[in-house]
Every structure is written in structure tokens, then in C-alpha cells.
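Read through the structure below, which is laid out as C-alpha cells, and then see the notes.
The values are calculated or read from the model by the stated rules, or taken from the named source; none is laboratory data. The structure displayed is predicted, hence computed values, not measured ones. Virtual Cβ from ideal backbone geometry, glycine too; neighbours counted across all protein chains shown.
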């Protein structure tokens, strides 16, 4: 069923690599306009559980959804898979914004999105939407905005898969280790002419 | 103990000069604001509170979101009365202020005091409510003063802003009750197990002591309840709010000082004694004797007081009284 649209691919044979889901702390993911509080945290499932229809995210009064994903470390996003609900409740458009944690429905119009996709109804997780590498490098906060769906009054999403590279570069100021009782043996220093004296201790 | 960023919106319009809440609506509101800010900061030290005024030339943020209670209370005291409230602009400014909070983990909440007529239509309020709900802002409204005009509109607003029972609408009719006490008992200042707010400190260091304190406090509360019911029956349905006021006062004191609580409880009991016109308390010496018992137990709890000495002194006084009476009889 391949079409000529270069922004997504129909062959997802590296599904097991959708491993960013593993590195995401789902406890800090927030969503605006969700019907059930914190239901957004349950849709970042592992690749094997993507067909599990027990947990899903549904929008509240209208079809718009904003999902804020803060990453613990600097991340590079390569592609996204969305499994939506049926009956017109699957989202039809996706806009992604990077490194902006201030977005809500009031000010979303004033930001330019990093990338925008027209989504297709996908109940299998067979379509992956690729991300422009320049825009999604060195990202520590991702916002996904679903403005429209395929006709239903509310939007339902069953699974969101993120594929990318998770570097271990943490955004910390100082990495400290506190020692109650420093042991010389833990601090192996090279003995040489520069070494003053061990006997002082 | 939710982590929240709360903006408290005060009504400082001309309608607040009205005295239907003693001493004036503005004063009652100030008390209530102090209570709410204190409870928010105490329930979670990382929660932030802000204050804004709804009336005046334009709605204005007086204190930006801060964790320091003293700043918040200071800002609330400076509010001046003028003009009419602009509810929708207030909500928009509050939403903006909450959007730019430092700590995104704090759940945004707006608490609004509405004591003057709203100029917005129901439809406008419903639109506003939907926008607030979409941005997951919880809104608590304290409707007092102009309830006949506003209740309808505020209920429509509340139904549309309420998401999973996070928002509350409290309508307070005019009467002899105190606004702060009504708010204290409502879910707006409800922290779940918030009665014994300082209990968790004890539980960390000394669980046995905490348990003992909790049990004795509960017993005291039950005794209070029984006394209150007995008093109500005698006074023929006295206003429950005053009794609730007293019990809520003692609740607050329990947290800080069990000795003080005991003293208060005893003084309440002596009040009850004064209220009861019957029984045998026409004889002044019998009354003094009863008072002495209570006095003794109070004095026992105070350090540096020797109750025996006082008892001896009092008995000497009584003997002198009796001697005098004997002389008079002769």
C-alpha cells in the first residue's frame, strides 16, 4: 500500500527500535483537554503492547489535544507512529513543537511548529512519520498538537511510538558524589614525583 | 497534599462595603483569603500562591506566584475598594499568569471571590469556562453577597469548568456566620486528612506518641460532639454554625497546643454550666466548688503553679465566708 508521499513510510520493520518509549518517564507527560486525567501516560506503551486497546487517550469536549513530553536527557527524534481510534476519532493532523514547555491552547497559534504531518487512519501501527533531522536534534521537550480528526466529536489515540536516539547527556549542572568518610583506596592517584605524600594521612 | 499553583482573585468592588457579612464583606473576604493562603502553603511547601484584584481600573496581579506566605498575606492587606469587577478579564489574566509559572509540575488553580453582580452573560461565561477546562485549570468560586443575581450564571460557569470534581462552587447566603469558617469546612480548604496537619511531623520521629496524640484528640473531639449536641437540645436548636465555629476553633488549636485545647475545652464546659439555668447552682459556694475542680485541673496542667497552695488559700477564704455567715446568723 505504498504511496508516493515522502514524509512517511509504510514499512515498519524496525518496530522493535521504537525504544524511546522505554526511556521516557511517563510520569511527567501531561496532556491538555484529556477526558480522563493522566490517561496520556498509558499510551506510550512498548512496541509489543501497541495493540492493547484497554488504555487510550480521549479528548474531552472537542477534538484538539496537546501533549507535552519532557525528556530526561537530550534526545534526537527520528520518527513517530500513531495508532488512533476508529469511527473518525483518529487524529488527522499532527504539529510538533520542540523545546517549549509553555504551550497551551491560548498561545499555540503564536508558535511555529518544527514539523507538520497529515496523518492517515492507522490501526496497526504500520505507518511511521519521519522527522526532519535538523529540527529534532538536541531536543529535551516535545509538544505534540493534534488539531483535527476524521470527523468524530472527540479524538482517541491508542498508542504513540517514538523512535530516536537517547543520549546519556543529562541536563544537569553538577554531578556530585558525597562521601561521608573518604577512603584513599577509592581515589587511586598515580604515584610519582608530583605526588606530595600519602604518609600525612 | 497536591502540588498547586493557586491564584486567589479578590473582589474589591464597591459592593464589598456592604455589612451583611460582619464587619463588612471586604473584611470577611480578607480573613478568608488569609485562611486559604495559609492552608495552601501548609499543605505542600512547594505550592505557590498569587493574589490579584478583580475590580478597580483593571484587574491587576498584586502578588506574583510565590511560596512565601508572608509576601502573599502582605499583598492581600493592601487591596483598596473601587469600581466594579471584570470577571472575564480576571480569568484571562489569571490564566496567563499561571501559564508562566516557574514550576510546571504545579497544577494550576484559580480561586475567585464573587461578591458583586457579574456583568457577563451566561453564554460568555460558558465560553470562558470551556477555555479554562481545556487548559486544565481548576476553578473554585466563593459566591457570597449577591447570590440571587449571580448563582444562576456561576452554576452554568461551574458546570462547564468542572473536570473530574477538581473545581468547587461554594454559595454562602448572608447570615450571622463567619465566611472563613464556612470555607474551612468546605472542600476548597480540604486536604483529605488535613485535620491533624502537624501530625506527620510527629509520625516521623515518634510513631507511638503520634498514635497516642491522635487517639486522645479523637476522644476529645467525640466529647466535644456530645457536649455540643447536649447544648443544642437544651437551647432548642441553637445555630449549628456557632457550635461548628467553636469546634473548628478548637480543631485549629489542637494542632498547636494540646494544653491550650484542654483549657479551651474546660472554658467551654464552664460556659455550658452558665447556660444551664436550672440545677443546683443557686448556692454560690457550690458553684465556686465546681469551678474549683475545673480550675484545679486547669492549673495542674500549667507549670510553676502549686495547686495545693491555691486550694488552701481558697479554703481559707471559704472558711472566712462561713464564719461571717455564722456571725450574721447569730
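Key figures for this structure:
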| quantity | calculated |
| --- | --- |
| Sole exception among (1) in contact (Cβ under 8 Å) with a residue 24 or more places away in the chain; (2) surrounded by fewer than 17 Cβ atoms within 10 Å (Cβ to Cβ) for residue A:122, by number | (2) |
| Any hit, region B:133-143, residues being assigned to a loop (DSSP other than H, G, I, E, B), within 14 Å of chain A (Cβ to nearest Cβ), more than 22 Å from the chain's Cα centre (by Cα) and in contact (Cβ under 8 Å) with a residue 40 or more places away in the chain | yes |
| Any hit, region B:97-107, residues being in a loop (DSSP other than H, G, I, E, B), within 25 Å of the chain's Cα centre (by Cα), within 13 Å of residue B:137 (Cβ to Cβ) and more than 11 Å from chain A (Cβ to nearest Cβ) | yes |
| Scan of region A:63-86 for residues that are within 13 Å of chain B (Cβ to nearest Cβ), at pLDDT below 90 and in contact with a helix residue (DSSP H, G or I) (Cβ under 8 Å, 6 or more places away or on another chain), ordered by number | A:70 |
| Hits in region A:32-54 (condition: surrounded by 16 or more Cβ atoms within 10 Å (Cβ to Cβ) and either within 21 Å of residue A:125 (Cα to Cα) or free of Cβ contacts under 8 Å to residues at least 40 places away in the same chain (or both)) | A:34, A:40, A:41, A:42, A:43, A:44, A:45, A:47, A:50 |
| Total residues in region A:20-46, condition closer than 21 Å to residue A:167 by Cβ, away from chain B (no Cβ under 14 Å) and part of a helix (DSSP H, G or I) | 5 |
| Selection count where residues are buried (at least 19 other Cβ atoms within 10 Å of the Cβ), touching a residue at least 60 places away in the same chain (Cβ under 8 Å) and either under 8 Å from the mean Cα position of the chain (by Cα) or in a helix (DSSP H, G or I) (or both), scope region B:168-185 | 5 |
| Given (1) under 30 Å from residue B:22 (Cα atoms); (2) within 12 Å of chain A (Cβ to nearest Cβ); (3) touching a helix residue (DSSP H, G or I) at 6+ places or on another chain (Cβ under 7 Å), number of the condition residue B:81 does not satisfy | (2) |
| Residue match in region B:146-167 (condition: away from chain A (no Cβ under 14 Å), outside any helix (DSSP H, G or I) and over 22 Å from residue B:3 (Cβ atoms)) | yes |
| Hits in region A:51-62 - residues which are touching a helix residue (DSSP H, G or I) at 6+ places or on another chain (Cβ under 8 Å) and away from chain B (no Cβ under 11 Å) | A:55, A:56, A:57, A:58 |
| Residue check for residue B:8: crowded, with 24+ Cβ neighbours inside 10 Å and part of a helix (DSSP H, G or I) | no |
